[in-house]
Every structure is written in structure tokens, then in C-alpha cells.
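Working notes for the structure below.
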Amino acid sequence: MCRIAVLKVQRMKLSRIIVLLVALAAGGIAALLAGRSNAPPTIAQAPIATIDTTEVLIAASDIGLGQTVSGNELRWQTWPTAAAGTGFIRRNENPEAINQLAGSIARSPFLVGEPIREARLIRAKGSGYMAAILPAGMRAISTDVTPETGAAGFILPNDRVDVILSRRGGGEKGSGGDTPTSETILSNVRVLAIDQTIEEKGSQRVVVGRTATLELTRSQAETLVLSRNSGQLSLALRSLADASGVESASDDRSSRSINILRYGVSTTTTAK
């Protein structure tokens, strides 16, 4: 009897364990199904927009005015096609551009990372930088300057100046004809260089030199040369506002006649 009772008890414990396991399994399945039903819906990702690019030629380092460009100072850079201007040099159009432009002279400065424009370079094999940066039809002519006649050294390359001739009259002394006079013989001309300096670099603020090279037309160059023997030439620095070349209302635009006495022969030239 005792053995039978023990067997009944064991059967009851086993049945309870089985019921408990079944309940736990059912609860787990229910929780899994509930979790899946509450999962957020999957959002479809929008396609990523792509930018059409091209490779353009840029300056790998700063390139100064009049500098001879080497291949190491040029490199290709990925650039948005829509932002690449018509003047940019593209690799797919001219893959040999670096070799072709090596040895060119810069007609204007380039900053590092700036796209190279062929119109701002000149291929002048065998020519100096001054001949390369001169615009067509213009001449470069030098004149002596001192701190007194050159605005105390504050005139820099690319500034605009007036050229003033100071002299004494040709009359006899004591008759009033020896009175000092001055007149502007050239107006609003560009300074190309002071001595051998053709551009302001870094923290350079003053260029004190003995020679100023001016950019002149043929007739202006003749006027300057004829005026050298007539008196002292001085350079008057003009405002940056005059860079456009437009004369102010106060400027005297009338023509002036200059009498030049050379080897005993008097000649007359007209300057504006």
C-alpha cells in the first residue's frame, strides 16, 4: 500500500512539472508573437543623391605675378561639374594640360587651390616676365626715382601714379623767366615694378628703390623720354579709386606744350 501511494505522489509531481513547462512554453510563444505585432514598420530609405563631378586643374601652391609655372605647382582636383566654369581646364578634355602649361608665365597671381585659367597664363618661351605681363600695345619704360620724387617709397607695383615735370623757365635770370614751374605730363599710369620687385609680397609695405618701371603707350613713352632732360620728374601716388582710369572732374585735361632743348635745337611736344 505504501509503495502504491508513493507512485501516485510521483505521478502527480511529474504531471505538474509537465503542465508548468507547457504553460511556460505557451507564454513565451505569446510574448514573441506580441513583440512582433508591436514592431515599428520598416521605412524605405530614400535613394542618396549623387553629384556629378569632374577633375579640374588647380594651383598646388601660390603662384606669383610673372612667375614661371612648373609642373609641381599644378595638380588635378575633383570639382562639381555644375560649378566648373567654362574657363576651367578639365582633365577629360585635356589630360596633358600639366605638361603643356609647364614653363608658362603667370600674367596674374594664383592662390593655392584656385582653378587655373589658361587666359591668365602666357607661353612665352625665351621671353622675360616683363614682356609676358605687358598688355598688347603697351611699353615698359623706367625712370629714376628717389625717396623725395617717389612718394617716400610708398609707391608699390600695380599702383597708379601721375608723372610731374618740375623745371625752371627759359627766360633770362632777373626777368621773371627763371621762375620754377611744374606740370603733370602723364596721368594715371600703372607702375609695373620698383627696381626688380613686380608685386607686393607678404608683409612688405614699402619698396624703396631707385628705378620705377611704368606701363605706357608709345606716345606716353616718347613724352617721358623727352621730358627727362627738361627738369626733374616726380611720381605722385593716386588713390585706389582711380584704378578704373576715370579722371575726376578736378583733373586738368587740357593739352600742354613742352619745349625741349636738345643740342641747341628746340622741339615742342604735347602731353595730356
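Readers should treat all values here as calculations from the given coordinates under stated rules, not as data from a laboratory. Please read all numbers here as calculations on a predicted model, not as lab measurements. Cβ: placed from backbone, ideal geometry, glycine included. Neighbour counts: every protein chain shown.
What order do you get for 67-79, 97-109 when each peptide is scored by the mean count of other beta carbon atoms within 10 Å, highest first?
Result, highest mean Cβ count within 10 Å first: 97-109, 67-79.
Per-residue HN-Hα couplings for segment 227-241, Karplus 6.51 cos²θ - 1.76 cosθ + 1.60 at θ = phi - 60°, whole Hz, x for Gly and Pro?
Each residue of segment 227-241 in turn: 7, 4, 8, 9, x, 9, 9, 10, 9, 10, 5, 9, 5, 4, 5 Hz.
For N94 and S219, calculate 0.36 nm times their separation in residues minus their Cα-Cα distance, and state this gained length in nm to one decimal.
So the chain would gain 40.8 nm between N94 and S219.
Taking H placed 1.01 Å from N in the peptide plane, check which residues at least 5 places from S108 or on another chain put their amide H under 5 Å from its amide H.
Answer set, sorted by chain and number: G66.
Any chance you could run the full-extension gain for T179 through A140? It's 0.36 nm times the residue separation minus the Cα-Cα distance, nm to one decimal.
Numbers: separation 39, 0.36 × 39 = 14.04 nm, distance 3.29 nm.
Length difference between fully extended and current span is 10.8 nm.
Got a sec? How would F154, F110, F88 order by Cβ neighbour count within 10 Å, fewest to most?
F154, F88, F110
Note down the nm distance, to one decimal, between modelled labels 7 Å out along Cα→Cβ at R123 and at Q232.
5.0 nm
Starting from the Cα of I17, step 7 Å along the direction of its Cβ; do the same at A30; then give the gap between the two resulting points in nm.
2.4 nm
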